[in-house]
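These notes concern the structure reproduced below.
The values are calculated or read from the model by the stated rules, or taken from the named source; none is laboratory data. Predicted, not measured: the structure shown is a model, and the values here were computed from it. Side chains are part of the model used for accessible areas, which takes the heavy atoms of the whole protein and leaves out ligands, DNA and RNA. Shrake-Rupley method; radii C 1.70, N 1.55, O 1.52, S 1.80 Å.
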Amino acid sequence: MAKNKDIRLSQKPDNFVVFAENEADREAVEALANRLNADVARGKDEAERANLALWMDADGLSLVGGGLVLRGDFTRMLPRLKPGNLQRELLVRASKIKGADSRLTAIDATAGLGEDALLLAAAGFSVQLYEYDPVIAALLRDALRRAAAIPELAEVVQRMQLFEEDSLVALSELSSAPDLILLDPMFPARSKSALIKKKFQLLQKLERPCADEETLVGAAVAAHPRKVVIKRPRKGPYLAGRKPSYSIAGKSVRYDVVVLP
């Protein structure tokens with residue numbers, strides 16, 4: 001959520017490269033590398049030796065490093081989007097707006113790989129996704145591109161619009177209030193031995209847990225949505241100490257809901 005893009009880019013590890021496995025993707029990868037101020041790997045060996053690599057192949061764009069591979073993939077969300085399953089999703093339950101009589105709007109202020117935003121879009125929201133980290137935004141943009149070609153996902157992702165910018169700034173400049181704002185700051189590791197899902201091991205090389213919780217929550221509240229929904233670890237503290245109107249908890253996560261007048 002940093003406000004200075006140069007600072008964010010300087011936090012990427014040394015030896016970060018972009019690589020196209022197929023020559024047909026070379027031009028697109030060179031444009032991406034230019035945007036990220038990254039080197040283009042000249043071959044597969046060089047890409048594999050890098051600390052982190054954005055790797056484009058026939059399956060899409062992946063972040064590769066330390067033996068881990070991270071690719072945005074909405075197809076694995078398809079079982080959760082089935083009508084019966086969708087209505088049982090904790091986020092969908094937390095996001096219900098009483099008396100809604102028109103198309104609902106939502107802002108995902110910390111989009112990441114967009115999975116929560118996909119649930120909101122499947123539930124009928126038009127969702128604006130904000131992701132400031134340019135590498136994560138590139139992965140998300142590629143996932144949306146591939147999902148748009150899948151019949152079961154095409155209509156849903158049409159309701160998702162990605163903005164590669166700082167949501168703190170965007171929230172202060174909205175022309176109208178959204179119905180919902182979703183906050184999902186990266187959970188801090190509880191200890192050195194805490195088990196972190198593999199995908200977050202790579203994400204945490206780029207983004208760190210939210211350090212300015214009060215500013216993030218304050219910006220969301222100041223935008224005057226009907227609800228602010230905050231994703232937290234099930235037993236974690238309230239974000240910025242803000243007590244919610246109510247919470248909906250599952251086995252590992254909890255959604256704190258702030259209902260605004």
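Helix check for the chain. Which DSSP H runs span at least 18 Å along their own axis by Cα, with a mean Kyte-Doolittle hydropathy no less than 0.0? List each step's numbers first, then the result.
Values: long enough: 134-147 (19 Å, 0.62).
Going by DSSP H runs, the hits are 134-147.
Considering Cα pairs under 8 angstrom that are at least six residues apart, work out the relative contact order of the chain and quote it in whole percent. If you can, show how the numbers build up before the last one.
Numbers: 450 pairs, mean separation 42.7, N = 261.
Relative contact order for the chain comes out at 16 percent.
State which entries of Lys96/Lys251; Lys96/Lys227; Lys98/Lys251; Lys227/Lys251 exceed 18 angstrom in Cα-Cα distance in the structure shown.
Working: Lys96/Lys251 21 Å; Lys96/Lys227 9 Å; Lys98/Lys251 26 Å; Lys227/Lys251 23 Å.
Among Lys96/Lys251; Lys96/Lys227; Lys98/Lys251; Lys227/Lys251, the Cα-Cα distance tops 18 Å for Lys96/Lys251; Lys98/Lys251; Lys227/Lys251.
Accessible area of the chain with a 1.4 Å probe: how many percent of it is carbon plus sulfur? Could you put the intermediate results ahead of the total?
Details: 6530 of 13600 Å².
After summing per-atom areas, the C and S share lands at 48 percent.
Over the chain, with the other protein chains present, what is the accessible area per residue in square angstrom, probe 1.4 angstrom? Spell out each step's value before the answer.
Working: 13600 Å² over 261 residues.
Per residue, the chain has 52 Å² of solvent-accessible surface.
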